[in-house]
Amino acid sequence: MTNGQPLFPPMGLAHNQLDKVQQESLAACQSIQPAYFPVLSVELVEGRKLIVLWAPI
């Protein structure tokens with residue numbers, strides 16, 4: 001981010017990083033009391049894979 005503006009194209013994640021990031025996010029959410037489980041989705045943006053975390057209240 002530069003001056004509050006996102007940089008494009010996004011860097012993205014390598015295919016072998018996707019599971020690890022999702023597992024780490026799940027582990028972090030289990031440490032919250034009460035347990036909180038946001039919705040994670042893998043999205044393709046400009047040819048790169050991103051993990052989008054939806055965290056509704």
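The values are calculated or read from the model by the stated rules, or taken from the named source; none is laboratory data. Computed from a prediction, not measured in an experiment: that's the story for all the values here. No Cβ is skipped: glycine too gets one built from the backbone with ideal geometry, and neighbour counts run over all protein chains shown.
Couple of notes before you dig in:
- Among the residues making up region 36-57, those that are assigned to a strand (DSSP E or B) and not charged (D, E, K, R) are Val39, Leu40, Ser41, Val42, Leu44, Val45, Leu50, Ile51, Val52, Leu53, Trp54.
- Residue ID - farthest from the chain's Cα centre (by Cα), chosen from residues in region 39-56 that are among the β-branched types (Val, Ile, Thr) and surrounded by 11 or more Cβ atoms within 10 Å (Cβ to Cβ): Val45
- Residue count for region 1-22, restricted to those that are within 24 Å of Ile57 (Cβ to Cβ) and at pLDDT 85 or above: 2
- Residue ID - farthest from Trp54 (Cα to Cα), chosen from residues in region 1-38 that are surrounded by 10 or more Cβ atoms within 10 Å (Cβ to Cβ) and of a type in the set (S, T, N, Q): Gln17
- Total residues in region 1-35, condition in contact (Cβ under 8 Å) with a residue 12 or more places away in the chain and either in contact with a Cys (Cβ under 8 Å, 6 or more places away or on another chain) or assigned to a strand (DSSP E or B) (or both): 1
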